[in-house]
Amino acid sequence: MLKLESYEKEAVRLLEERLNLPNLIARVLAIRGIETVHDAERFLYPSLDHLSDPFLLPDIGPAVSAVMEALASGRKIGLFGDYDADGITATALMVDFLERLGAAPEVYLPGREEGYGLNPSAVRVLRERGVDLLICLDCGSSNVAELELARQLGMEAVVIDHHEVGDPHPPSRALVNPKRRDSVFPTRDLAACGVTFFFLLALRRTLHERGLLRHPINLKRELDLVTIGTVGDMVPLTGDNRILVKFGMRVMQGQPKPWLRSILKQNLLFQQRLDSYALSFVIVPRINAAGRVSHPMCALQFLLATEEKESGRLLAELNKANRERQEIEEAIIREAQEKIAGEGLADRRSLVLSKEDWPIGVIGIAAQKLAEAYGKPCIILTRVDGTWKGSARGVPGLDLHGAVGSVSSLLIRFGGHRHACGLSLAEENMDLFPQAFEEAVRRSLPEKERSVVVDAIVEFDELTADVVEYIELLAPFGLGNPRPSFLLAPSSVFVNNRFVKIIDRQNRTWHGNLYRKMEMPDSPGFKVVACPTLREDLGEKFIHLQVTEFLAE
């Protein structure tokens, strides 16, 4: 079913006239709820000055005070970060900033066998290493018992996180999390690296105001790290997230650090092009791979390397880990698809799949791929030390954290956010859990006919180079801000593997590719849904069409 987004015609007229925009661009903006001249200007031409005030985050004052007191007294600061791209980049941000202030933080990134989140063993290790102030990055919001242990051992704690917050709050000096019920911070869905960046903005401002900043610290240079973590955690690219990523991309393109120069030197990017594809499918997977099949410290050291020789050596390790991760992931997905077919699970509204020996570090990305392929939430479980541990990934329209939480009586523990969760359950509940989760999904996500959403029905004449250049102003694209897609009526279409040649009704030829494998309809007069991008070859710009759907009449 085709779903055409609606818009206010008067808003389109105003945007078109006041900002001198092409009609198609004005329509796309209005469809996305950007209906005033003021909002459109801020969206098309954002500034770092448009970022929200960091002091709107809950507990930001106590968190800043705790760190400043530790720095002033010489108390040892410990950092515990999660082992995915978001946790690693949040940790890298904090390490870099504290070292610039002359501190030497103790860093603990858990191995994949420890699982996500703070654990009692890590708390004890950090205390044995002399840590007085424990800062949890990309975790901690649901670690009540672990932070109570830290308190009993004599450690003060600050939590900087973005996962859903339970009740009661964990015992800590500060819980900096935009998902707290009392938060007034405008962007609720920051990644943890984004929360960390705003915390550092607040800390830097306070140090400067009190005359304690001995030399300037340029946090704009660290937006490359924020971009990796934000894209890697698949948070909506709206509000503050969009500004952070947009300027992070500019920083990477204009002033690449050693880690990125190593990637460019090894020709890992298609045509050396740094875009959302490069981030999602080249850079982020390598950062994630370290935590999934080797150890996340390798990725942390890679991002913090100051010499290209060192970053190149570490990149070779990450490339190896990524290849291993790909092989394991493909094997899990293949076995999972066999289970889906063999056990008749394709007609269910959710997928819960388990196998004792699936590697814990790779089940999350496998769950993500299966959720995308089947269009339904997916949980993959594996056994670790007698307990079943799993990763869950959701689909648009579903509050996954809420759905998992509604069956928490069957779980040992769970945590996460709207789009992704981690969970563990005992053997005796393994038979009950799949059906309980299926019923929770059915309650949360009413069945509806599959629809194909487009921004507009357009003629090929409307797709000019100027219009597509305007489309690029809407970037970065991702969850919450997808690349605009349009319905087109071609005269004929030719497909060779994934390459597409489209002939329009004026006999002009357009080139593109298929977003995924799909069959062309047998019926004549079918239409295509495509996302136009601007490409360049031998100095000449041309419009490339990424075809996402074929629609029969």
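The values are calculated or read from the model by the stated rules, or taken from the named source; none is laboratory data. Note that the structure is a prediction, hence the values are computed from the model and not measured. No Cβ is skipped: glycine too gets one built from the backbone with ideal geometry, and neighbour counts run over all protein chains shown.
Structural remarks
- In region 165-192, the residue that is nearest to Val95 (Cα to Cα) out of those that are surrounded by fewer than 23 Cβ atoms within 10 Å (Cβ to Cβ) and in contact with a strand residue (DSSP E or B) (Cβ under 7 Å, 6 or more places away or on another chain) is Arg173.
- Cβ-Cβ contacts under 9 Å between residues 6 or more apart (or on different chains), taken from a first residue in region 227-242 that is assigned by TED's automatic domain parsing to the domain that holds His163 and surrounded by fewer than 20 Cβ atoms within 10 Å (Cβ to Cβ) to a second residue that is outside any loop (DSSP other than H, G, I, E, B) and at pLDDT below 95, are absent.
- Close Cβ contacts (under 9 Å, 6 or more residues apart or on different chains) running from residues in region 249-261 that are within 13 Å of Leu314 (Cβ to Cβ) to residues that are outside any helix (DSSP H, G or I) and of a type in the set (Ser, Thr, Tyr) comprise Lys257/Thr306; Pro258/Thr306.
- The lone criterion from (1) outside any loop (DSSP other than H, G, I, E, B); (2) modelled with pLDDT under 95; (3) of a type in the set (Asp, Glu) left unmet by Glu439 is number (2).
- Considering residues of region 239-265 that are outside any helix (DSSP H, G or I) and at pLDDT 95 or above only, the residue nearest to Leu29 (Cα to Cα): Pro256
- Index of the failed condition, Ile457 passing every other in (1) in contact (Cβ under 8 Å) with a residue 40 or more places away in the chain; (2) among the β-branched types (Val, Ile, Thr); (3) within 30 Å of Glu327 (Cα to Cα): (3)
- Matching residues, region 520-553, being among the aromatic types (Phe, Trp, Tyr) and closer than 17 Å to Phe494 by Cα: Phe526, Phe550
- Ala92 vs. criteria closer than 30 Å to Cys298 by Cα and in contact with a Lys or Arg (Cβ under 6 Å, 6 or more places away or on another chain): no
- Residues in region 495-553 that are in contact with a Pro (Cβ under 7 Å, 6 or more places away or on another chain) and not in a strand (DSSP E or B) were compared, and the one that is surrounded by the most Cβ atoms within 10 Å (Cβ to Cβ) is Asp504.
- Note on region 252-288: among residues that are within 15 Å of Gly229 (Cβ to Cβ) and among the small types (Gly, Ala, Ser), the one that is surrounded by the fewest Cβ atoms within 10 Å (Cβ to Cβ) is Ser280.
- Test result for Gly248, crowded, with 16+ Cβ neighbours inside 10 Å and either touching a helix residue (DSSP H, G or I) at 6+ places or on another chain (Cβ under 8 Å) or on the phi < 0 side of the Ramachandran plot (or both): yes
- Near pairs, Cβ below 8 angstrom, 6+ apart or cross-chain, from region 382-409 (at positive phi) to any residue that is among the acidic types (Asp, Glu) and at pLDDT below 95: Gly386/Glu427
- Applying the condition of being among the charged types (D, E, K, R) and surrounded by 14 or more Cβ atoms within 10 Å (Cβ to Cβ) to region 40-52 and asking which residue is farthest from Thr187 (Cα to Cα) yields Glu41.
- Residue count for region 264-277, restricted to those that are more than 14 Å from the chain's Cα centre (by Cα) and within 26 Å of Pro482 (Cβ to Cβ): 8
- Selection count where residues are more than 23 Å from the chain's Cα centre (by Cα) and not in a helix (DSSP H, G or I), scope region 184-215: 6
- Lone unmet requirement of (1) closer than 23 Å to Gly61 by Cα; (2) out of contact with any strand residue (DSSP E or B) (no Cβ under 6 Å at 6 or more places or on another chain); (3) not polar (S, T, N, Q) for Val195: (2)
- The set of residues in region 119-157 that are assigned to a strand (DSSP E or B) and within 28 Å of the chain's Cα centre (by Cα) comprises Leu134, Ile135, Cys136, Leu137, Ala157.
- Restricting the search to helices (runs of 4 or more DSSP H) fully inside region 301-413 and requiring at least 2 residues that are more than 22 Å from the chain's Cα centre (by Cα) gives 308-342.
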